[in-house]
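Participant: The structure follows.
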Amino acid sequence: MTKRNIEIVVPPREPHFVGDGFRVHNFIPGGFRLDMERMDPFIMLDYNSKFYFPPSETPKGVSVHPHRGFETVTIAYKGKVAHHDSFGNSGIIGEGDVQWMTAASGLLHKEYHEENFSKAGGDFQMVQLWVNLPAKDKMSKPKYQAITNADIAKYQLPSNNGTIEIIAGEHRDIKGTAFTFSPVNVLNARLSKNAKETFSFAASYNTVLLVIEGSIKVNDTETVETDHLVLFENDGESFTVEAADNSVVLILSGKPLNETIAAHGPFVMNTRKELMEAFDDYNKGKFGYLEE
Amino acid sequence: MKHTHALFPHHLPPKKITPSTFYFFLFTFHSALENFKTYLKEKAHLTVDEVAELTRELSVKTVGKSDFLLHEGEVCHYSFFVDKGLLRSYTIDEGGKEHIIQFAPENWFITDRSSAYFMEPSQLTIDAIEESTVVFLDNTFMEKARDLSKEFIRYNEKALHNFIRHQQQRINLLLSATAEQRYLDFISLYPDLMLRVPQWMIASYLGLTPESLSRVRKELARKNFKPQ
């Protein structure tokens, strides 16, 4: 297997608030060289780096909004989020859990800090990733995969040196937990200090890693600190991650869909016509109704 | 984006002035004018030379969210072409309540046309709902354009009649249409504004209370939501 080199190490951009509950650094598509075409099939990555929210009687969050044409994947590292949608679904995800929502043909939802977390206050740290859907699946039925940490497939490193959580895709012949519409790998590497692991994906797959905790050395040469993202070249398959401290690293690698993208706000379609239909359907209530 | 939306990529904070931001502004200036030039060529049928002559001294500005472009009582000296972002015009009644007259997203013009033409104090206030890039067109530009091109005169006359048609339609809807008819007319004119503007502003534009607008949307969802 050939080595996959680093293309660029991207520091976190200035944070901004989404609603009043998510203080995020946007990496995809706003970051340098991290546009939707380059990162295909990943179309958005917002990272709420560890941030203390003081106690609040009213849960902070994002009010009702629609999505169509893709999946939202919320990975919780600290804190708890509650969500509701226009189909009547609701749920709570906490530390280590993942919510994989296939918005597909469209729904309305809202996301807030879970009530007790909000009242107590505390550290909050999450990733929200948008994974594009292939054209043929964009108008499929919306669905959820509520994945608790206990359900996530795991590979244990030798000598208790850490765990690789295979949220989706594959690692060392262990299949990931989430169903995906196209080949997508989402891994959480929880590594003890000095632990080292090799990751390998087809060279054509667009690949990044994000250091959630600690600091790591990539390919034995490049030190990457907390909250920094690494974009890899598509020049080989394998790269190594060695933990300089106890570290948590999110690794994403996906096969490009190579389809045209027509995106505006919360709708990601293939053509401008489909985009206009999405706005019209939303305006006319075809995504349902959800109280603020 | 924002307009609060789940992790909207385009809701970015105002940037500090850094060397790279400076280049960004240069680029903004260039592209905003390019967009307006294309507009003049396509809609007003001006030639490349005429467009170059007309746009040589134009001013393009980036205005922040909530920045004012016109205050009530001032004479309006400009027509504003929105390259990027969103502006609105409104009046404020004696009780301090805002009544929105017009929204101007990308490629729209907004001004107080009568104030600019008759040089009278304006009844309108114009401000930015989002950070916006705006081309400022003054009377000198309009005079120069009229002198330069018959096509522009025809275009401007058509634009004026289109403006009158729109005003007439708006008066008619406000006097005689149901809340649902007003809302349906609004979404066909402004397809993406429900996601960019707080609902109370849209209710203000439609002459409805926010509660009535909410009822209209709930009723439409009841009729049109058909889960697979």
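Participant: For segment A:263-283, check the following and say yes or no: at least one residue is of a type in the set (Gly, Ala, Ser) and closer than 16 Å to A:Leu209 by Cβ.
Facilitator: No - not one qualifying residue is present in segment A:263-283.
Participant: Report, by residue number, each residue of segment A:108-123 that is closer than 11 Å to A:Ile92 by Cα and among the acidic types (Asp, Glu).
Facilitator: Within segment A:108-123, A:Glu111, A:Glu114, A:Glu115 meet the criteria.
Participant: Just checking, how many residues over segment A:64-92 are under 19 Å from A:Gln125 (Cα atoms) and either modelled with pLDDT of 95 or more or surrounded by 16 or more Cβ atoms within 10 Å (Cβ to Cβ) (or both)?
Facilitator: Final tally of qualifying residues: 13.
Participant: Let me ask something additional. Counting only residues that are touching an Asp or Glu at 6+ places or on another chain (Cβ under 9 Å) and surrounded by fewer than 15 Cβ atoms within 10 Å (Cβ to Cβ), which one in segment A:95-138 is nearest to A:Gly21 (Cα to Cα)?
Facilitator: Only one residue fits best here, namely A:Lys119.
Participant: Here is a further query. Quick one: is A:Lys143 within 14 Å of another protein chain (Cβ to nearest Cβ), surrounded by 21 or more Cβ atoms within 10 Å (Cβ to Cβ) and basic (Lys, Arg)?
Facilitator: no
Participant: Working only within segment B:179-228, note down all residues that are assigned to a loop (DSSP other than H, G, I, E, B), within 24 Å of the chain's Cα centre (by Cα) and surrounded by fewer than 16 Cβ atoms within 10 Å (Cβ to Cβ).
Facilitator: B:Pro198, B:Thr209
Participant: Right, here's the next one. For segment A:202-222, check the following and say yes or no: at least one residue is under 21 Å from A:Leu34 (Cβ atoms), of a type in the set (D, E, K, R) and either surrounded by fewer than 21 Cβ atoms within 10 Å (Cβ to Cβ) or more than 21 Å from the chain's Cα centre (by Cα) (or both).
Facilitator: yes
Participant: Do you know which of the residues in segment B:69-92 that are of a type in the set (Asp, Glu) and not in a strand (DSSP E or B) is surrounded by the fewest Cβ atoms within 10 Å (Cβ to Cβ)?
Facilitator: Ranking the candidates gives B:Glu74 first.
Participant: Which of the residues that make up segment B:36-68 are assigned to a helix (DSSP H, G or I), of a type in the set (A, V, I, L, M) and surrounded by 15 or more Cβ atoms within 10 Å (Cβ to Cβ)?
Facilitator: Selection gives B:Leu40, B:Val51, B:Leu54.
Participant: If A:Ser56 meets every condition in (1) more than 11 Å from chain B (Cβ to nearest Cβ); (2) surrounded by 19 or more Cβ atoms within 10 Å (Cβ to Cβ); (3) farther than 22 Å from B:Pro227 by Cβ; (4) over 16 Å from the mean Cα position of the chain (by Cα) apart from one, which number is that one?
Facilitator: (2) is the only condition that A:Ser56 fails.
Participant: Right, here's the next one. Taking the stated definitions as given, is B:Phe22 loosely packed, with under 11 Cβ neighbours inside 10 Å and either more than 13 Å from chain A (Cβ to nearest Cβ) or modelled with pLDDT of 50 or more (or both)?
Facilitator: For B:Phe22, the condition - loosely packed, with under 11 Cβ neighbours inside 10 Å and either more than 13 Å from chain A (Cβ to nearest Cβ) or modelled with pLDDT of 50 or more (or both) - is met.
Participant: How many residues does segment A:5-20 contain that are more than 10 Å from chain B (Cβ to nearest Cβ) and either of a type outside the set (Asp, Glu) or part of a loop (DSSP other than H, G, I, E, B) (or both)?
Facilitator: 7
Participant: So which of B:Gly64, B:Gly73 ends up being at pLDDT 95 or above and in contact with an Asp or Glu (Cβ under 9 Å, 6 or more places away or on another chain)?
Facilitator: The unique qualifying residue is B:Gly64.
Participant: Related question: Only one of A:Leu209, A:Leu231, A:Leu191, A:Leu187 is among the hydrophobic types (A, V, I, L, M, F, W, C) and over 20 Å from A:Lys175 (Cα atoms). Can you tell me which?
Facilitator: A:Leu231
Participant: Starting from segment B:203-224, keep only residues that are within 12 Å of another protein chain (Cβ to nearest Cβ), then list their pairs with residues that are surrounded by fewer than 19 Cβ atoms within 10 Å (Cβ to Cβ) and of a type in the set (A, V, I, L, M, F, W, C) whose Cβ atoms are within a distance under 6 Å, requiring at least 6 positions of separation or different chains.
Facilitator: These pairs meet every condition: B:Pro210/B:Trp200; B:Val216/B:Ala179.
Participant: Here is a list of conditions, (1) within 21 Å of A:Ile43 (Cα to Cα); (2) part of a loop (DSSP other than H, G, I, E, B); (3) among the β-branched types (Val, Ile, Thr), and A:Thr177 meets all of them except one; can you say which number that is?
Facilitator: That leaves (1) as the condition not met.
Participant: Residues in segment B:93-116 that are out of contact with any Asp or Glu (no Cβ under 7 Å at 6 or more places or on another chain) and assigned to a strand (DSSP E or B): how many?
Facilitator: 8
Participant: Can A:Val184 be described as within 15 Å of the chain's Cα centre (by Cα), of a type outside the set (D, E, K, R) and at pLDDT 95 or above?
Facilitator: When the stated conditions are applied, A:Val184 passes them.
The values are calculated or read from the model by the stated rules, or taken from the named source; none is laboratory data. Not measured: the values here are computed from a predicted model. With ideal geometry, Cβ positions are generated from the backbone for all residues, glycine too; neighbour counts draw on all protein chains shown.
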